[in-house]
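Structure first, then comments.
The values are calculated or read from the model by the stated rules, or taken from the named source; none is laboratory data. In this text, all values refer to a predicted model and were calculated from it rather than measured experimentally. FYI the Cβ positions are ideal-geometry reconstructions off the backbone, even for glycines, and counts take in every protein chain you see. Areas reflect the complete protein model, heavy atoms only, side chains present, ligands, DNA and RNA absent. Shrake-Rupley method; radii C 1.70, N 1.55, O 1.52, S 1.80 Å.
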4 protein chains.
Amino acid sequence: MDGVSRQDFTFFHPLRVRWSEVDPQGIVFNPNYLAYADIALTEYMRRIGFPYPDGLLRLGSDLFTVRAEINFRASAKYDDELDLAARVSRIGRTSLGFSVGIFRGDQMLCEVLLTYVNAARETQKPMKLPEPFVETVIAFEKRPPERTLPSA
Amino acid sequence: MDGVSRQDFTFFHPLRVRWSEVDPQGIVFNPNYLAYADIALTEYMRRIGFPYPDGLLRLGSDLFTVRAEINFRASAKYDDELDLAARVSRIGRTSLGFSVGIFRGDQMLCEVLLTYVNAARETQKPMKLPEPFVETVIAFEKRPPERTLPSA
Amino acid sequence: MDGVSRQDFTFFHPLRVRWSEVDPQGIVFNPNYLAYADIALTEYMRRIGFPYPDGLLRLGSDLFTVRAEINFRASAKYDDELDLAARVSRIGRTSLGFSVGIFRGDQMLCEVLLTYVNAARETQKPMKLPEPFVETVIAFEKRPPERTLPSA
Amino acid sequence: MDGVSRQDFTFFHPLRVRWSEVDPQGIVFNPNYLAYADIALTEYMRRIGFPYPDGLLRLGSDLFTVRAEINFRASAKYDDELDLAARVSRIGRTSLGFSVGIFRGDQMLCEVLLTYVNAARETQKPMKLPEPFVETVIAFEKRPPERTLPSA
């Protein structure tokens, strides 16, 4: 995600670092960045009108995390006021790339890349991402998500 | 719980303090002592043959926490090897006093007193503690629980 | 704290329940209410001009939790928008009672009563609460804190 | 890490899933797998004689996480008895690959790959991994770590 800056994101959510999230070295304990990314997804889905979990469940599906990648650049500290920037960076047929940049001012402290698979609620089998959701995301994002649809 | 020592407890469960549980001052963050007490209850119930949650559910009831009291005496630190000592300290008709002493060696660092109400799973209404459970507890504890049954 | 309602509090801080704070029963895991109370203290101290931890440290002292009491009345659920209401309910010579009501609308779900001791940073010995802090609290609270100063 | 099985690991650490780690869907909340990997590192370092943090600090350095990758295959549930399998999978000049497999029996539920940089404690600048540490790791691991030393 080199070269990515705040300008690449349409969605931001503010977050203040809690005492409980900071370790004996005075910095945010690593797993909390993944918890922050989960908050970013929740708030992103609420913003675009698909509040978790009902937004997709009413269409019969749910998102399952299959992969996470975290790049740590600098540390957040107690009481820091952060911005969780988030965007759908990739849309496949049944999967979704979700990219979260954790910023303190203009400095990206940490980058989290999540891969979700959309699956049928009942069978848990991968299921095509609902069109209304895909269209909403594309209309929302100023930097268009990469499309990785299988070729015909 | 003045004067209470390791000798008052029949049940002990070892626990090592995790990095994630320690705050910027190098001591265990307070809410974690309550989480430790929850672990103590889980392991106590397993030991006496009523593993949570099925042990009581098969008798139609479940325990709900209505009150917690925590007295902090000294701080646990990263990597400390603690003992969670636990006992049923009081048995009422529908309620239970559960007492957890968090020890580092012979020093009690923290004392947690929990009050649970036994309630019917379906209606969530208070329900008499099941006799088999009460008898098992009384047989297990070397220091007998206080009985606070209503008088006839 | 029977009879206590939102009207008794001057300070409120909004908080939305996170997915990570909710247990398999769909309700907030008990120790998180204590973590919420810690957030309430942090924000209260910021509001009255004594941001934690520097607000008191610059006067040579720090607050240590010695006791917590939690009364659980009803459960908060995922995504609930709560209000943390907080007040200094008691001021002693070296100790402080801090009362937190966790509300969903007008319903108090949980009440947390914390006792702090003010101690010298260096020696960790109890130390008289700084006058500027006491005066600020008294001016801030519309319902006056109980005074438990030793008699002359 | 396809094809990796328990047989690739020399080090194992048992862990029982706590109630606090499980989400409303009854499965372990994702960030906790990263916290489990942190426990695995702590216990690995203890086992090989370099207990965190003093083991490396006495040689003037410390490990900093720069990257984490997590592949989720199946979910751990409440009360599951897991094995954290861990190995140093790569040794560079100043960096280290640490691979954690989270097993329930023979099934790998989750795989965490961590990249650490060894840095001087004072300057926080990357520093050659101490020879005694490298030798100890190589002697310990039955499946040799990949060496990614720069060519002469």
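Screening residue A:34 with (1) over 30 Å from residue B:27 (Cβ atoms); (2) open to solvent by less than 40 Å² (accessible area, probe 1.4 Å) gives one miss only, at (1).
Can you tell me which residues in segment C:38-50 are of a type outside the set (A, V, I, L, M) and crowded, with 16+ Cβ neighbours inside 10 Å?
Step one: list which residues in segment C:38-50 are of a type outside the set (A, V, I, L, M), which gives C:38, C:42-44, C:46-47, C:49-50.
Residues satisfying the conditions are C:38, C:42, C:43, C:44, C:50.
Looking across segment D:33-54 at every residue that is more than 14 Å from the chain's Cα centre (by Cα) and without any contact (Cβ under 8 Å) to a residue 24 or more places away in the chain, the one that is nearest to residue D:113 (Cα to Cα) is identified as D:53. Return yes when residue A:22 is among the β-branched types (Val, Ile, Thr) and surrounded by fewer than 22 Cβ atoms within 10 Å (Cβ to Cβ) and no when it is not. Answer is no for this residue.
Does segment B:8-16 include one or more residues that are without any contact (Cβ under 8 Å) to a residue 60 or more places away in the chain, under 30 Å from residue C:63 (Cα atoms), away from chain C (no Cβ under 11 Å) and open to solvent by less than 20 Å² (accessible area, probe 1.4 Å)? Checked segment B:8-16: no residue is without any contact (Cβ under 8 Å) to a residue 60 or more places away in the chain, under 30 Å from residue C:63 (Cα atoms), away from chain C (no Cβ under 11 Å) and open to solvent by less than 20 Å² (accessible area, probe 1.4 Å).
Would you mention how many residues in segment D:45-79 are aliphatic (A, V, I, L, M) and more than 19 Å from residue D:108 (Cβ to Cβ)? Talk me through it step by step, then tell me what you get.
Start the filter on segment D:45-79 by keeping residues that are aliphatic (A, V, I, L, M), which leaves D:45, D:48, D:56-57, D:59, D:63, D:66, D:68, D:70, D:74, D:76.
Next, only the ones that are more than 19 Å from residue D:108 (Cβ to Cβ) stay: D:45, D:48, D:56-57, D:59, D:63, D:66.
Looking only at that region, the number is 7.
Output the residues belonging to segment A:75-111 that are in contact (Cβ under 8 Å) with a residue 60 or more places away in the chain and open to solvent by 10 Å² or more (accessible area, probe 1.4 Å). Matches in segment A:75-111: A:77, A:78, A:79, A:80, A:81, A:83, A:87, A:106, A:108.
I'd like to verify a number: residues in segment D:51-73 that are in contact with a Lys or Arg (Cβ under 9 Å, 6 or more places away or on another chain) and either hydrophobic (A, V, I, L, M, F, W, C) or open to solvent by less than 10 Å² (accessible area, probe 1.4 Å) (or both), how many? First the steps, then the outcome.
Filtering segment D:51-73 for residues in contact with a Lys or Arg (Cβ under 9 Å, 6 or more places away or on another chain) gives D:52, D:55-57, D:60-62, D:66, D:69-72.
If we keep only those that are either hydrophobic (A, V, I, L, M, F, W, C) or open to solvent by less than 10 Å² (accessible area, probe 1.4 Å) (or both) too, we end up with D:55-57, D:61, D:66, D:70, D:72.
The qualifying residues number 7.
Residue-wise test of (1) within 14 Å of another protein chain (Cβ to nearest Cβ); (2) farther than 25 Å from residue D:143 by Cβ; (3) modelled with pLDDT under 95.
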position: D:21; (1), (2), (3): yes, yes, no
position: D:25; (1), (2), (3): yes, yes, yes
position: D:31; (1), (2), (3): yes, yes, no
position: D:38; (1), (2), (3): yes, no, no
position: D:47; (1), (2), (3): yes, no, no
position: D:54; (1), (2), (3): yes, yes, yes
position: D:94; (1), (2), (3): no, no, no
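Taking (1) in contact (Cβ under 8 Å) with a residue 40 or more places away in the chain; (2) more than 10 Å from chain D (Cβ to nearest Cβ); (3) closer than 22 Å to residue B:23 by Cα in turn, residue A:72 satisfies each apart from (2). In segment D:123-141 there is no residue matching the filter, namely being within 13 Å of the chain's Cα centre (by Cα), under 28 Å from residue D:29 (Cα atoms) and either among the β-branched types (Val, Ile, Thr) or open to solvent by 70 Å² or more (accessible area, probe 1.4 Å) (or both). Here residue C:142 fulfils each of the conditions (1) assigned to a loop (DSSP other than H, G, I, E, B); (2) without any contact (Cβ under 8 Å) to a residue 60 or more places away in the chain apart from (2). For segment C:56-69, a tally of residues being within 8 Å of chain B (Cβ to nearest Cβ) and polar (S, T, N, Q) returns 1. Do we have residue C:115 as touching a Gly at 6+ places or on another chain (Cβ under 9 Å), farther than 18 Å from residue C:21 by Cβ and surrounded by 12 or more Cβ atoms within 10 Å (Cβ to Cβ) here? Yes, satisfied.
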